[in-house]
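Undergrad: Here's a structure for you.
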Amino acid sequence: MRDKLKIGFFYKEELNLYGDNGNIEALVYRASRRNIQVEVMEIDTETKMNSSNFTDINFIFMGGGPDSAQKNIYKDLISNKKEYLRDYIEAGGVSLFVCGAFQLMGKYYLSSDNSTLEGLNIFSLYTKHYGPKKPRCIGNTAGEISGRITQDPVFKNINRLDNYLVGFENHGGRTYLEDKEHLLSNVIKGHGNNSEDNTEGCIHLNSIGTYYHGPLLAKNPHLSDYLLAKALNTDTLEVLEDVLENKAHTASLKLKE
Amino acid sequence: MAVRLKHAGVNIEERNIVPSIASVVKELSKNKNIKEVIVLPNYSSMLDFRKVVLGRKIL
């Protein structure tokens with residue numbers, strides 16, 4: 001087991017829609033309560049990824065942002081961060097990408113005017129925006145977690161809640177997985193990736209992409225602990241008192257869309 | 001919100017957590033000594049709160 005959680009927090013200032021930084025707060029809280037050392041490295045457009053400082057990062061997070069903020073970081077992401085992220089993810093590094101960041105991990109984003117924005121091409125998916133006449137995907141959402149996670153012995157050992165995820169989604173782009181087996185959850189409530197195929201999010205090795213804001217990890221302590229355990233390379237974590245977290249999760253399951 | 005406050009080190013007693021916005025407004029309106037209430041909603045609860053207080057979600 002690794003004795004330290006070192007988080008690479010990408011574009012904290014630009015990509016923090018709907019309090020997505022709460023995902024970091026949740027992870028830091030859950031690690032600290034267990035006396036696990038935590039360090040959060042903020043990585044922005046000025047950060048050069050060639051330092052040895054980045055080699056021992058064991059969790060990466062990137063959230064969602066408005067279009068303007070995503071444009072601000074896009075060039076840096078493609079030019080300066082792509083290689084690091086690809087190497088990290090393909091080596092089995094643990095990471096979480098929400099909304100806009102989830103889309104950017106895919107192959108491309110096709111706008112309604114047919115212009116294409118290149119993605120990092122790490123997740124096998126693409127995103128399409130059909131224009132303003134197609135309603136955005138907005139509302140409370142819930143899904144049943146993929147067997148890729150629920151059947152993982154680490155999750156089985158860690159999970160003391162249920163096999164569901166809850167969150168809040170707000171996206172105009174529709175995302176399509178090239179292989180639906182890689183979904184994060186099956187949609188129970190809400191739009192999911194595209195309002196069509198009941199998929200939500202994506203799993204690639206130990207990395208997750210999702211449209212769930214909430215923040216995701218605050219409302220889903222079982223997923224938080226799963227990612228924490230994966231990052232620390234362990235299958236056991238001290239049990240925390242999660243009365244509030246579990247109530248928030250269960251109440252969110254009952255919310256209307 | 002209670003979870004976010006917990007993570008930030010603010011201890012909220014469970015008896016002070018009311019899960020329904022309508023119930024909160026009802027309870028508050030019973031207490032005539034309360035002159036001002038500060039609301040710190042997230043996006044989705046802001047819409048629900050507006051609906052309860054103003055009758056519509058979007059202004």
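The values are calculated or read from the model by the stated rules, or taken from the named source; none is laboratory data. Quick caveat: nothing in here was measured; it's all calculated off a predicted structure. Glycine gets a Cβ as well: all are built from the backbone with ideal geometry, and neighbour counts include every protein chain shown. Protein only, heavy atoms only, side chains kept; ligands, DNA and RNA dropped before computing areas. Shrake-Rupley method; radii C 1.70, N 1.55, O 1.52, S 1.80 Å.
Undergrad: What residue, of A:V166, A:V187, A:V94, A:V154, is under 23 Å from A:V40 (Cα atoms) and among the aliphatic types (A, V, I, L, M)?
TA: Residue meeting the stated conditions: A:V94.
Undergrad: Identify all residues within segment A:202-225 that are in a strand (DSSP E or B) and open to solvent by 10 Å² or more (accessible area, probe 1.4 Å); write none if there are none.
TA: Selection gives A:I203, A:H204.
Undergrad: A further question follows. Search segment B:1-27 for residues being open to solvent by less than 60 Å² (accessible area, probe 1.4 Å), away from chain A (no Cβ under 12 Å) and of a type outside the set (S, T, Y), and hand back the single one that is farthest from A:P215 (Cα to Cα).
TA: B:V25
A quick yes/no check of all residues on (1) touching a residue at least 12 places away in the same chain (Cβ under 8 Å); (2) of a type in the set (K, R); (3) at the interface with another protein chain (Cβ under 9 Å from one of its Cβ atoms):
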| residue | (1), (2), (3) |
| --- | --- |
| A:G209 | yes, no, no |
| A:L216 | yes, no, no |
| A:K219 | yes, yes, yes |
| A:L223 | yes, no, no |
| A:L228 | yes, no, no |
| A:T234 | yes, no, no |
| A:V239 | yes, no, no |
| A:L244 | no, no, yes |
| A:K254 | no, yes, no |
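Undergrad: Something else: For A:N198, are the conditions met, namely being more than 12 Å from every other protein chain (Cβ to nearest Cβ), out of contact with any Pro (no Cβ under 8 Å at 6 or more places or on another chain), surrounded by fewer than 21 Cβ atoms within 10 Å (Cβ to Cβ) and without any contact (Cβ under 8 Å) to a residue 24 or more places away in the chain?
TA: yes
Undergrad: Then there is this: Name the single residue that is most open to solvent (accessible area, probe 1.4 Å) among those in segment A:134-175 being assigned to a helix (DSSP H, G or I) and of a type in the set (S, T, N, Q).
TA: Restricting to residues being assigned to a helix (DSSP H, G or I) and of a type in the set (S, T, N, Q), the top hit is A:N157.
Undergrad: So how many residues does segment A:25-61 have that are within 14 Å of chain B (Cβ to nearest Cβ) and either in a strand (DSSP E or B) or buried (at least 17 other Cβ atoms within 10 Å of the Cβ) (or both)?
TA: The total comes to 9.
Undergrad: Okay, moving on. Of the conditions (1) within 14 Å of another protein chain (Cβ to nearest Cβ); (2) under 23 Å from A:H204 (Cα atoms); (3) of a type outside the set (V, I, T), A:P66 fails just one. Which one is it?
TA: Failing condition for A:P66: (2).
Undergrad: Continuing with the same structure: Would segment B:41-54 turn up any residue that is part of a loop (DSSP other than H, G, I, E, B), loosely packed, with under 12 Cβ neighbours inside 10 Å and either within 9 Å of chain A (Cβ to nearest Cβ) or of a type outside the set (F, W, Y) (or both)?
TA: Looking through segment B:41-54, none of the residues is part of a loop (DSSP other than H, G, I, E, B), loosely packed, with under 12 Cβ neighbours inside 10 Å and either within 9 Å of chain A (Cβ to nearest Cβ) or of a type outside the set (F, W, Y) (or both).
Undergrad: Can you tell me which residues in segment B:24-44 are within 9 Å of the chain's Cα centre (by Cα) and not hydrophobic (A, V, I, L, M, F, W, C)?
TA: B:P41
Undergrad: Of A:K48, A:K81, which residue is touching a strand residue (DSSP E or B) at 6+ places or on another chain (Cβ under 9 Å) and among the basic types (K, R)?
TA: Being touching a strand residue (DSSP E or B) at 6+ places or on another chain (Cβ under 9 Å) and among the basic types (K, R) holds for just one of A:K48, A:K81, which is A:K81.
Undergrad: Taking the conditions exactly as written (more than 14 Å from chain B (Cβ to nearest Cβ), open to solvent by 10 Å² or more (accessible area, probe 1.4 Å) and in contact (Cβ under 8 Å) with a residue 24 or more places away in the chain), does A:E178 satisfy them or not?
TA: yes
Undergrad: Which ones in segment A:231-245 are buried (at least 21 other Cβ atoms within 10 Å of the Cβ) and among the charged types (D, E, K, R)?
TA: Hit for segment A:231-245 is A:E245, nothing else.
Undergrad: I'd like the residue in segment A:85-111 that is assigned to a helix (DSSP H, G or I) and open to solvent by 40 Å² or more (accessible area, probe 1.4 Å) and, out of all such residues, is farthest from A:L184 (Cα to Cα).
TA: Among them, the one singled out is A:D87.
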